[in-house]
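Heads up: the structure comes next, in C-alpha cells.
The values are calculated or read from the model by the stated rules, or taken from the named source; none is laboratory data. What you see is a predicted model, and the numbers here were worked out from it, not measured in a lab. Neighbour counts run over all protein chains shown; Cβ positions are idealised from the backbone, glycine included. Ligands, DNA and RNA are stripped out before the accessible areas are found, and what is left, the full protein with its side chains, is counted by its heavy atoms. Shrake-Rupley method; radii C 1.70, N 1.55, O 1.52, S 1.80 Å.
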Amino acid sequence: MTSSAAQYQHTSSDEDVSRRLLDSAAMLSYDPATEVDWESPLPADLYGLNPEWSTLYGTPLWDEMTEEQRVTLTRHEVCSIMSTGIWFEMILQQMVLRDQYVKNPGNPEFQFALTEIADECRHSIMFARACEKMGVPAYFPGRGTIELGRIFKTVASAEVAYGGILVAEEVLDVMQRDWMRGENVLPVVRTTSKIHVVEESRHMKFARQEVRERMEGVSAARRYSSSVAVAAGAYFIIKNLVNKGVYAAAGLDTERALAEVRRNEHHKSMVRSSCAHLMDFLAQSGLLTKPAIAIYKSIDML
C-alpha cells in the first residue's frame with residue numbers, strides 16, 4: 001500500500017454513502033440458489049446474450065452462420081464473459097479486503113465492504129453454475145494476463161483499486177441491462193443478469209465514492225500514474241472478455257472470425273456507448289489523462 005493510501009481516513013461522506021448502501025442491501029438482495037431456476041431445460045432456440053452484443057453480429061461471417069451456430073456462439077460468448085467476471089471478482093475481493101485490513105469494524109464503510117465481498121462470492125458461484133447449466137467449459141485469460149492480474153491485485157490501492165473495480169463493473173452493467181430484458185435470451189442469463197445489475201449498482205456507487213475521496217488533493221504525478229494504471233487494468237479486462245476459443249466452439253474458422261471481429265464497427269460502437277457514463281466519471285475525477293485516453297481508444301472504450 002502506498003503511503004498516501006495508508007494515510008487515507010474515511011470521511012463523513014464515506015459513512016453516509018456506505019450507510020445508505022447497507023440499508024439498500026438489507027432491503028433488496030437476492031439468493032441465486034433460490035432465485036434462479038436451475039432445473040428447467042434450456043430452450044434450444046434462445047441465445048446466450050442479445051445477438052446485437054455478439055462480437056460477430058453485423059459481419060459477413062454472421063450472415064453466413066446457421067441459426068444453431070449463432071445460438072452456440074452467443075452461449076459461449078456469455079460464458080466467456082462470466083468466466084472473466086469470476087476472475088476479476090476474485091481480484092476485486094482481495095483488493096477490498098486489503099483496503100479494509102484492521103480498519104474500524106464499526107464503520108459503515110467497513111461493513112459495506114464486507115457486504116460487497118459476500119455479494120461477489122455469490123455472484124461468482126452464480127456465474128459458474130450458469131456456465132455449467134449451459135454446458136460451456138470455463139474460459140480463462142492467457143497465462144501472462146493471469147500473472148499481471150496477480151500483480152495488480154497485490155499492489156493496486158486507493159483510487160487505482162477502486163477505479164479498476166468500477167471499470168469492470170460499469171462495462172458489464174450496460175451489457176447485462178440489455179440481456180436481462182432480451183426476450184430471445186435464455187431465462188438463466190436474464191435472471192442472473194438482473195441479480196447482478198441490482199446488486200452491482202450498489203458496488204458501483206461505493207467505488208465511485210471511494211475514487212472521489214481518494215482523489216481529493218492528490219498531486220499531478222499521482223493523478224497521471226493512477227489514470228494510466230486504471231486504464232491498463234481496463235485494457236486487460238476488455239481484451240479478455242471474449243476468449244478466442246468461442247469461435248471454434250461454434251464451428252467457425254478462428255482466424256477468420258478474429259479478423260472480422262477486429263473490423264466489426266458495430267461491436268466497437270456498442271462498447272463505446274456502454275462506456276460513455278464511465279468516461280464522464282473518470283474525466284470528472286481527474287483520471288482521464290492523455291495517456292489513459294490513448295489506451296481507452298485502443299480498446300474502443302472511447
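Please identify the pairs in which a residue from region 169-183 that is free of Cβ contacts under 8 Å to residues at least 40 places away in the same chain and under 16 Å from residue 52 (Cβ atoms) has its Cβ atom under 7 Å from the Cβ atom of a residue that is in a helix (DSSP H, G or I) and among the basic types (Lys, Arg), counting only partners at least 6 apart or on another chain.
180/190; 180/194
Only one of 42, 56 is modelled with pLDDT of 95 or more, touching an Asp or Glu at 6+ places or on another chain (Cβ under 9 Å) and either open to solvent by 30 Å² or more (accessible area, probe 1.4 Å) or within 26 Å of residue 240 (Cα to Cα) (or both). Can you tell me which? Show your work before the answer.
On the way: 42 fails: touching an Asp or Glu at 6+ places or on another chain (Cβ under 9 Å).
Just a single option satisfies the conditions, and that option is 56.
From the set of residues in region 209-254 that are polar (S, T, N, Q) and under 18 Å from residue 167 (Cβ atoms), which is surrounded by the most Cβ atoms within 10 Å (Cβ to Cβ)?
Initially, region 209-254 is screened for residues polar (S, T, N, Q), giving 209, 219, 225-227, 240, 243, 254.
When the remaining residues are screened for being under 18 Å from residue 167 (Cβ atoms), the result is 209, 225-227, 240.
Values: 209: 20, 225: 15, 226: 27, 227: 24, 240: 21.
It comes out as 226.
What is the residue count in region 256-302 for residues that are open to solvent by 20 Å² or more (accessible area, probe 1.4 Å), not in a helix (DSSP H, G or I) and not charged (D, E, K, R)?
Qualifying residue count for the region: 2.
Counting only residues that are under 16 Å from residue 82 (Cα atoms), among the β-branched types (Val, Ile, Thr) and within 17 Å of the chain's Cα centre (by Cα), how many does region 119-145 have?
1
Against the conditions (1) among the aliphatic types (A, V, I, L, M); (2) open to solvent by 10 Å² or more (accessible area, probe 1.4 Å); (3) closer than 22 Å to residue 242 by Cβ, where does residue 126 fall short? Just the number, please.
(2)
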